[in-house]
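Q: One structure, pasted below without further comment.
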Amino acid sequence: MYDPTRIRSVGLDVHKETIAIAVADGTLPAKVLATIPNDFTTLLKSLRRLGPPETIVCCYEAGPTGYGLYRRLKAAGYTCHVVAPSMVPVKSGCRIKTDRRDAAKLAHYLRSGDLTFIHVPDEATEAIRDLERTRDDAKIAERVTRHQLSKFLLRHGRIYPKKTAWNPAHMAWIAEQVFEQPAQRQVLADYREAVELGGARVARLTAQMVTASEAWEKAPLVKALQALRGVDMVTAVTVVAEVGDFRRFATAGELMAFVGLVPSEHTTGETRRQGRITRTGNTHVRRVVVEAAWHYRRQPRMSKAIRSRNDFVSAGVRAIAWKAQKRLHERLKRLLGRNKPACQAVVAVARELVGFLWAISREEVLLAE
């Protein structure tokens, strides 16, 4: 908690073109100072009028403007925090929202200690995160183009007779389709080109992720997480880039809550009700972990791929990964045996899988010597 008699709490409502500045000084109500252009030099001049950097604490909400302002303020000697927007207290009776009011609210709650700060990654980690999110966007775009092509063929009664789609055999079958109308032949050619370009983009970004992650300081942790079943290179890079510093989570439960895989709860008096998972926090980690959890339907075994990945990790990591295989498979089998819906059972397993990810991150030795 900041000492309000010594520290001035400054709230910044940052937009592309403007920054609204408000200050909470001592015990006085938060006061709006000005709305200035989004220019760092102008912002520094405004902050210097309030006093030396060691007497000022700034904050602004996370958003599309990124972490550049945070890093520049830190380099200038100021204490700055980036706030989780969804965790800022809201008055239910207030129906007026402006930039200046938002800045004053941030300054007020910063002084009272009621804001939740987010973890700001270092620049190298943020760069890897941008890369894995770009690949995720490319994967979504590829899925959209595939869906469009398959539905075009379905509308005209062209149904692929085999089960596995989008492999070389499926693409060869699509190329053999003939339409009488020239316009439909053009549509087919355009959709095929879009699918091929989408696949090439995903493959290119995946290769770039491999190269970038190998030169990353967190490369040992990326390799160690791949000892787990269902966690390949893409999943491991996504988890490490999105979580950043695992040490900020003292327990596995804190990491589970960060991913949004813990049950929601409404308890009053002697009544305790738990509902669906909170689905708060990082959606990227939650998605890849749930996808990985589906792999635990199979019996525990060291496949060729898993064994090759385990060759690079330490004995402690291998022990955790093998324990995860046995425990999570039994857990999933038990839940399904109680007629639990498959999606709910897999989410429960994903929650425990996050605990094993956390356990591996706590190992002192990650790679085999």
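Condition check ((1) more than 15 Å from Arg309 (Cβ to Cβ); (2) free of Cβ contacts under 8 Å to residues at least 12 places away in the same chain) across all residues:
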site	(1), (2)
Ala215	yes, yes
Pro220	no, no
Arg229	no, no
Thr235	no, no
Val243	yes, no
Ala252	yes, no
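Q: Among Pro53, Pro29, which is in contact with a Phe, Trp or Tyr (Cβ under 6 Å, 6 or more places away or on another chain) and either at negative phi or in the same structural domain as Leu106 (by TED's automatic domain parsing) (or both)?
A: Pro53
Q: Please give the number of the condition Val178 fails out of (1) outside the structural domain of Tyr160 (by TED's automatic domain parsing); (2) farther than 21 Å from Glu291 by Cα.
A: (1)
Q: State which residue is farthest from Asn282 (Cα to Cα) when the search covers only segment 28-42 and only residues that are part of a loop (DSSP other than H, G, I, E, B) and out of contact with any Lys or Arg (no Cβ under 9 Å at 6 or more places or on another chain).
A: Result: Leu28.
Q: Is there any pair with a first residue in segment 89-102 that is in the same structural domain as Leu33 (by TED's automatic domain parsing) and a second that is of a type outside the set (Lys, Arg) and assigned to a loop (DSSP other than H, G, I, E, B) whose Cβ atoms are under 9 Å apart and which are 6 or more apart or on different chains, and what are they?
A: Pro89/Asp114; Pro89/Leu115; Asp99/His15; Arg101/Cys94; Asp102/Val88
Q: Looking at segment 310-325 only, could you name the residues that are out of contact with any helix residue (DSSP H, G or I) (no Cβ under 8 Å at 6 or more places or on another chain) and either of a type in the set (Ser, Thr, Tyr) or surrounded by 17 or more Cβ atoms within 10 Å (Cβ to Cβ) (or both)?
A: Hit for segment 310-325 is Trp322, nothing else.
Q: Here's a follow-up. What's the total number of residues in segment 332-369 that are more than 16 Å from Val259 (Cβ to Cβ) and surrounded by 19 or more Cβ atoms within 10 Å (Cβ to Cβ)?
A: The total comes to 3.
Per-residue answers, yes or no, for (1) in a helix (DSSP H, G or I); (2) surrounded by 11 or more Cβ atoms within 10 Å (Cβ to Cβ):
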| position | (1), (2) |
| --- | --- |
| Leu44 | yes, yes |
| Val57 | no, yes |
| Gly77 | no, no |
| Val82 | no, yes |
| Ser86 | yes, yes |
| Arg95 | no, no |
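Q: Across segment 223-254, which residue is farthest from Val202 (Cα to Cα) among those that are among the aliphatic types (A, V, I, L, M) and surrounded by fewer than 24 Cβ atoms within 10 Å (Cβ to Cβ)? Talk me through it step by step, then tell me what you get.
A: To start, the set of residues in segment 223-254 that are among the aliphatic types (A, V, I, L, M) comprises 224-225, 227-228, 231, 233-234, 236-237, 239-241, 243, 250, 252.
This time we only want the ones that are surrounded by fewer than 24 Cβ atoms within 10 Å (Cβ to Cβ), so: 233-234, 250, 252.
On the way: Met233: 14, Val234: 11, Ala250: 36, Ala252: 32 Å.
My answer is Ala250.
The values are calculated or read from the model by the stated rules, or taken from the named source; none is laboratory data. Every value quoted in this text rests on a predicted model; they were computed, and no experiment measured them. Methodologically, a virtual Cβ is constructed for each residue, glycine included, from the backbone with ideal geometry; neighbour enumeration extends over all protein chains shown.
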